[in-house]
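K.L.:
Quick one: the structure is below, questions incoming.
Here, each number is a calculation from the coordinates, and none is a lab measurement. Please read these numbers as outputs of a predicted model, since none were measured by experiment. Cβ coordinates were reconstructed from backbone atoms using ideal geometry, including for glycine residues, and neighbour counts include every protein chain displayed.
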């Protein structure tokens, strides 16, 4: 995930909850095969929707507090936050078109 910035438990409130626009957080782990499949799809979406949507990644192993708080039980999970609230949760790898469809009303 080259162009997508990382977010941690420490800066989650500032970067995600305090953000002005919609923020998609990809909860992932290095051992997660589907997470690696999802990475290039999110890179493409970040490139295409970067002006309307911020995409961040969070290593769930290195940052256990935030995934626990938002009840992230499976990886990959993508939570879309608007105004500090989760407005959509997408679990598992999906085709780019399906992810874009899920995000269409927000980005």
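K.L.:
Would you mind getting the Kirkwood hydrodynamic radius of segment 38-107 from its Cα pairs, rounded to one decimal in Å?
P.N.:
Its Kirkwood hydrodynamic radius stands at 12.8 Å.
K.L.:
Answer rounded, prolate or oblate for segment 9-70, using the Cα gyration tensor with square roots of eigenvalues a ≥ b ≥ c: rounded when a/c is under 1.5, else prolate when a/b is larger than b/c, else oblate.
P.N.:
Because a/c hits 1.5 or more and a/b fails to exceed b/c, segment 9-70 counts as oblate.
K.L.:
While we're here: When only C-alpha pairs under 8 Å and at least 6 residues apart count, what is the relative contact order of the chain, in percent?
P.N.:
Taking the mean separation of contacting Cα pairs over the length of the chain, I get 37 percent.
K.L.:
Given the rule -39500 (n - 2.57) for each run of at least 4 DSSP H residues, summed and divided by the residues of the chain, what is its mean residue ellipticity at 222 nm, to the nearest 500 deg cm²/dmol? Don't jump to the answer; show the numbers that get you there.
P.N.:
Details: 3 runs with 30 residues, N = 107.
That calculation yields -8000 deg cm²/dmol at 222 nm.
K.L.:
Separate question: Per 0.36 nm of contour for each residue apart, how much would the distance between residue 71 and residue 85 grow if the chain were fully extended, relative to their Cα-Cα spacing?
P.N.:
Working: separation 14, 0.36 × 14 = 5.04 nm, distance 1.34 nm.
Here the answer is 3.7 nm.
K.L.:
If you take the beta carbon distance between residue 51 and residue 94 as r and set R0 to 30 Å, what does 1/(1 + (r/R0)^6) give as a FRET efficiency, to the nearest 0.05? Before the final figure, lay out each step's value.
P.N.:
Values: r = 23 Å, r/R0 = 0.75.
For residue 51 and residue 94, the calculated efficiency is 0.85.
K.L.:
Right, another one. Counting only C-alpha contacts under 8 Å and six or more residues apart, can you give the relative contact order of segment 1-64 as a whole percent?
P.N.:
Relative contact order, segment 1-64: 54 percent.
K.L.:
Can you give the extra length, in nm with one decimal, that the chain gains between residue 13 and residue 37 once fully stretched, where that is 0.36 nm per residue apart less the Cα-Cα distance? Mind showing how you got there, number by number?
P.N.:
Working: separation 24, 0.36 × 24 = 8.64 nm, distance 2.74 nm.
Length gained between residue 13 and residue 37: 5.9 nm.
K.L.:
Can you tell me the length gained on complete extension of the stretch residue 30 to residue 44, counting 0.36 nm per residue apart and subtracting the Cα distance? Please report the intermediate quantities before stating the final value.
P.N.:
On the way: separation 14, 0.36 × 14 = 5.04 nm, distance 1.99 nm.
Separation in residues times 0.36 nm, less the Cα-Cα distance, equals 3.1 nm.
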